[in-house]
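Below is one structure, written out as structure tokens; comments come after it.
Derivation of every value follows stated rules applied to the coordinates shown; laboratory data play no part. Fair warning: this is a prediction, and the values are worked out from it, not measured in the lab. Please note: Cβ atoms are built from the backbone with ideal geometry, for glycine as well, and neighbour counts cover all protein chains shown.
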């Protein structure tokens, strides 16, 4: 048996064509038997057997990166890369993953389980290899015609072609996703699959135009006529309009034909290239071939002889299932930098605060960092001017990417760049960042990639109304495991946050700031480290401190004014500037827990945001008592347009509203 001897992709290259055919038959039998005992994705893998073999014979994984879109078609890839024994526990606890897994093998570069993302990964990896001097590494994205219907795939095609990025796209065309593919492009490709004269016809026209001596005017006319014919016949007009070369269709079950096409495509150095491969979903297994709905795309336990009758349940595993432990409290143990408490009863006359524009500070900070770090690149989604990246583009044109109105592609291509060794910085408005939460969570966060998300226009933005307030970024990003979230309370803290973000190499970072100008924070002690900071300490009196206020980001100024107002009324407040919203500072939490009342203030949704994170953390502290917690933020409603000051006042997020919330809650506690 050839499969029993297969331990790595290199073993494939010693096999003859007849031996490869025998191996493919063995692989199909093995996949059917394995999936019948565990359940899993069957039809898609049966259709990709020869394709997987041909890819691994031509390309040298993991030097060359093969990305599977979606990853459930990677079972054969796992067999080829030495994981045959793991199929006994496919998709079971402590067993082999049903998708590519970076923890399983260096051949799995991306855990790609959501459709239509592979081309964005390829774009980012290709850019990274180019900028880091690894152009010898090829990037191959295998995408089905079903995944090609996803809008994100089109975003990536547009950028691959625009930037002439060297990537090979294998279009695995079986006319299906789960069900038959719904796509005009798929309809055109279907006509190609059914036309035996397609390749000969195209070659004949091209050959004629190359050989016949024609004048420029006649040649242009014939070129236009040929383009019109291609528009009717084939998808090359679609791909080539985007700057992506097209080859195909190729029989996806003919290893020799695919190897020839892949080698030619690998030699193409002028940009991205598509190799259109036609496969049959469920190939070689009659029950899958005859399943007209989805060709046994995914299936539970079954009898391999019939494909339908349930097999007896497998014996219980002798490996004990370890209980899932409760996640540890996500707090930082770094000590907080505490300034001297302000004396509230002797207010000093203050000059007008010095204001600076947050975006302008970001521009200066980014350019300074890029001059020191050649791996730093900047990405925006059609807003280079508004996000402050135009000066960066002028100074570093080869390290700047405007992907168009394509936030999803922006984040996943950034993930690819980070995987290739770059330090990508993505600058997007908070409201538009919501379009790419899936990519932040599963492409960047799941892979713990050091992408820096710079979130402009965070919080209540003012005149543009409900669709433009940046109210959800805190709630989104605090839910991404391993994400660090910075909220500078003034523009002078933004460079500190950015420098600290560059030092974080084991996960993503988000830095959020509001629209327009903000006052310098005038911290008591200059520092190059962002930690939580006590801005005002409650004075001790017989009954102890009254309340602790944790004010995130730009809400600090209003909270400080509220604390001063409360002090004149005899209510003593400790005021903290968290600066880092996740992970929470343990010293800040312990201090807050010593107060009978904790009030959190944030310029974002009240439920699910910073306040909810603090609430949960205080509940988990090993303390005798848990303080009363009040969360101030925006309500569960779409906010109208208006100035930020007007809306803050209406929502109780100005100094008067914060002071009133503290007084009201304390009255309830003491009643």
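For residue 13 and residue 660, the FRET efficiency from 1/(1 + (r/R0)^6), where r spans their Cβ atoms and R0 equals 60 Å, is about 0.20. The listed peptides 258-268, 648-658, ordered by packing as a protection proxy, come out as 648-658, 258-268 (highest mean of other Cβ atoms within 10 Å first). Ordering 612, 574, 8, 489 by the number of other Cβ atoms within 10 Å of each residue's own Cβ, fewest first, gives 8, 612, 574, 489. Put in line by how crowded their Cβ is, counting other Cβ atoms within 10 Å and starting with the fewest, 31, 626 read 626, 31. The simple spin-label model puts a point 7 Å past each Cα toward its Cβ; for residue 135 and residue 5 those points are separated by 4.0 nm. At full extension, residue 237 and residue 668 could sit 148.1 nm farther apart than now, given 0.36 nm per residue minus the alpha carbon distance.
Using the Cβ-Cβ distance between residue 386 and residue 267 with R0 set to 51 Å, the FRET efficiency works out to roughly 0.80. Kindly state, to the nearest 0.05, the FRET efficiency for residue 626 paired with residue 479, given R0 = 30 Å and r defined as their beta-carbon distance. Given R0 = 30 Å and the Cβ-Cβ separation, E is 0.85. Working from label points 7 Å from Cα in the Cα-to-Cβ sense, the residue 435 to residue 256 distance is 4.8 nm.
Length available on full extension from residue 301 to residue 448: 0.36 nm per residue minus the Cα-Cα distance, which gives 49.5 nm. Model label sites at residue 308 and residue 93, defined 7 Å from Cα along the beta-carbon direction, differ in position by 3.4 nm.
Per-residue counts of other Cβ atoms within 10 Å, averaged by peptide: what ranking do you get for 116-125, 143-152, highest first?
Per-residue Cβ counts within 10 Å, averaged per peptide and sorted highest first, yield 116-125, 143-152.
I'd like the distance between the alpha-carbon centres of the stretch 93-118 and the stretch 1-78, rounded to an integer number of Å. What the calculation gives is 15 Å, centre to centre.
Given their separation in residues at 0.36 nm each and the Cα-Cα distance between them, residue 394 and residue 637 gain 83.4 nm when the chain is fully extended.
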